[in-house]
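The values are calculated or read from the model by the stated rules, or taken from the named source; none is laboratory data. Bear in mind that the values here come from a model prediction, so they are computed numbers and not experimental data. Here the Cβ positions follow ideal geometry from the backbone for every residue, glycine too, while neighbour counts run over all protein chains shown. Heavy atoms of the whole protein, side chains included, go into the accessibility calculation; ligands, DNA and RNA do not. Shrake-Rupley method; radii C 1.70, N 1.55, O 1.52, S 1.80 Å.
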Number of protein chains: 2
Amino acid sequence: MIFHQFFEVESSTYTYLLASEQTREAVLIDPVASEIDIYTQYLEMHNLTLVYSLDTHVHADHVTAANLLRDKFGCKTVLHRNSGVNCGDIFITDQSVIRIGEINIEARYTPGHTNACTSYVAEGMVFTGDALLIDGCGRTDFQEGNAEILYDSIHTQIFTLPDETIVYPGHDYKGRLVSTVGHERLHNSRLGAGKSKAEFVEIMNNLNLPYPKKIDIALPANKACGQ
Amino acid sequence: MIFHQFFEVESSTYTYLLASEQTREAVLIDPVASEIDIYTQYLEMHNLTLVYSLDTHVHADHVTAANLLRDKFGCKTVLHRNSGVNCGDIFITDQSVIRIGEINIEARYTPGHTNACTSYVAEGMVFTGDALLIDGCGRTDFQEGNAEILYDSIHTQIFTLPDETIVYPGHDYKGRLVSTVGHERLHNSRLGAGKSKAEFVEIMNNLNLPYPKKIDIALPANKACGQ
Ligand SMILES: [Fe+2]
Ligand SMILES: [Fe+2]
């Protein structure tokens with residue numbers, strides 16, 4: 001398998017590329033519009049064909065590259081059915097699988113940050129979008145956010161994965177690249193060490209976060225797949 | 001929308017083509033390997049690009065054209081996740097949606113004939129595969145068949161559609177092309193007029209059908225997408 005983690009500085013967004021060594025088919029998870037030249041260069045350098053772009057959810061902090069990539073490479077735009085987006089090609093639901101070569105990418109529906117959040121599991125890794133972050137989680141105070149639902153999603157869909165599963169989050173604001181399910185289950189300061197749902201909700205209700213800077217631009221753009 | 005119903009005589013299989021007039025993208029539902037030249041001719045004649053081939057289930061009576069079509073047109077092979085098939089590209093689950101141009105094709109999981117049976121709903125039509133047939137239904141005596149599950153699938157996933165929804169089945173052995181949900185709910189001789197689950201199971205247990213002629217060839221072939 002070919003794997004690469006990209007970082008977009010302005011919104012601290014991680015984008016992931018997975019590709020099959022056999023078929024040279026590639027997917028991008030959470031691509032950012034401004035970075036399209038970097039993805040293109042990487043794909044060309046490694047002789048890869050971009051087949052799918054997957055968004056873990058409708059982002060409020062950056063504009064997806066989905067449409068740009070579809071226009072450029074003819075790849076399919078994949079989103080959860082609940083995304084309310086009308087421009088996608090494939091609207092997956094829980095347990096749907098996208099396959100490239102020998103790699104199965106399984107969707108796990110993990111709502112709570114938004115109503116369409118999906119994590120993707122492949123090859124011992126989980127791409128958690130903004131559901132589970134390293135030592136944190138996505139906020140639940142806008143875009144259908146619901147702390148109780150997020151708690152359940154993380155516990156039933158992510159913490160049930162094997163301890164050694166590598167957690168690749170949608171963002172990190174402190175330079176951390178990667179974690180594991182076992183580490184987050186024990187040490188995540190909002191969810192770890194068996195914190196109860198009530199404790200989690202209490203924490204989430206008292207974050208007092210500022211209004212997201214780019215939400216008024218990013219949301220409408222992402223509802224149109226980035227156009 | 002462009003729509004066409006094909007008929008393969010040997011196994012009495014119906015294949016359906018749906019295409020967007022805007023984007024010229026097409027899908028084929030339940031294509032049969034022997035008919036590939038007919039599909040190709042139709043696609044070329046109407047200037048269409050085949051984007052997906054969908055199988056409603058792993059067929060026991062004919063060999064799918066999925067692999068042939070993928071090799072020829074580069075389309076994606078779509079199946080339900082439960083199909084146990086390892087050669088597909090996209091493994092959908094209940095409520096997944098495949099979109100071509102202005103057309104949304106919604107998957108409805110309808111097990112009972114097999115464990116992977118999926119009906120597809122689009123533009124006031126439902127493609128029922130071998131779940132619901134005209135005045136009948138798929139048999140439940142092989143391939144994970146289960147009459148109780150089939151009864152529930154048809155009642156919850158197909159009979160809940162509007163009366164006027166057009167039913168396009170996977171087969172007909174008497175030359176009938178089409179029915180409606182309202183007609184089948186009233187008149188289907190196994191399920192209609194409010195027949196109970198017990199009555200249905202009794203009927204299905206006493207069909208005394210012969211061993212399917214082509215199952216020993218078709219099943220292994222279809223588990224490999226027709227190769
Ligand atoms: Fe987000
Ligand atoms: Fe069948």
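Some notes on this structure:
- Just one of the numbered conditions (1) within 14 Å of another protein chain (Cβ to nearest Cβ); (2) away from ligand 1 (no atom under 16 Å from the Cβ); (3) part of a strand (DSSP E or B) is not true of A:TYR120: (2).
- Just one of (1) more than 10 Å from chain B (Cβ to nearest Cβ); (2) open to solvent by less than 30 Å² (accessible area, probe 1.4 Å); (3) outside any strand (DSSP E or B) fails for A:LYS72. It is (2).
- Search result, residues across the range B:94-112 that are more than 8 Å from chain A (Cβ to nearest Cβ) and of a type in the set (Ser, Thr, Tyr): B:TYR109, B:THR110
- Residues that are away from ligand 1 (no atom under 13 Å from the Cβ), open to solvent by less than 30 Å² (accessible area, probe 1.4 Å) and aliphatic (A, V, I, L, M) within the range A:58-69 comprise A:ALA65, A:ALA66, A:LEU69, listed in sequence order.
- One residue from A:ASN67, A:ASN47 being modelled with pLDDT of 95 or more and at positive phi: A:ASN47
- Only one entry in B:ALA19, B:ALA107, B:ALA33 is within 16 Å of ligand 2 (Cβ to nearest atom) and either over 13 Å from the mean Cα position of the chain (by Cα) or without any contact (Cβ under 8 Å) to a residue 60 or more places away in the chain (or both), namely B:ALA33.
- With respect to the stated conditions, A:LEU48 is buried (at least 19 other Cβ atoms within 10 Å of the Cβ) and closer than 23 Å to B:GLY88 by Cβ.
- Looking across the range B:165-177, the residues that are in contact with a strand residue (DSSP E or B) (Cβ under 6 Å, 6 or more places away or on another chain) and either part of a loop (DSSP other than H, G, I, E, B) or charged (D, E, K, R) (or both) come down to B:THR165, B:GLY170.
- Meets criteria (among the aromatic types (Phe, Trp, Tyr) and either assigned to a strand (DSSP E or B) or within 16 Å of ligand 2 (Cβ to nearest atom) (or both)) for A:TYR151: no
- Enumeration of residues in the range A:92-105 that are buried (at least 20 other Cβ atoms within 10 Å of the Cβ) and small (Gly, Ala, Ser): A:SER96
- Candidates B:ASP89, B:ASP55, filtered to the one that is closer than 15 Å to B:ASN222 by Cα, surrounded by 20 or more Cβ atoms within 10 Å (Cβ to Cβ), away from ligand 1 (no atom under 16 Å from the Cβ) and within 11 Å of another protein chain (Cβ to nearest Cβ): B:ASP89
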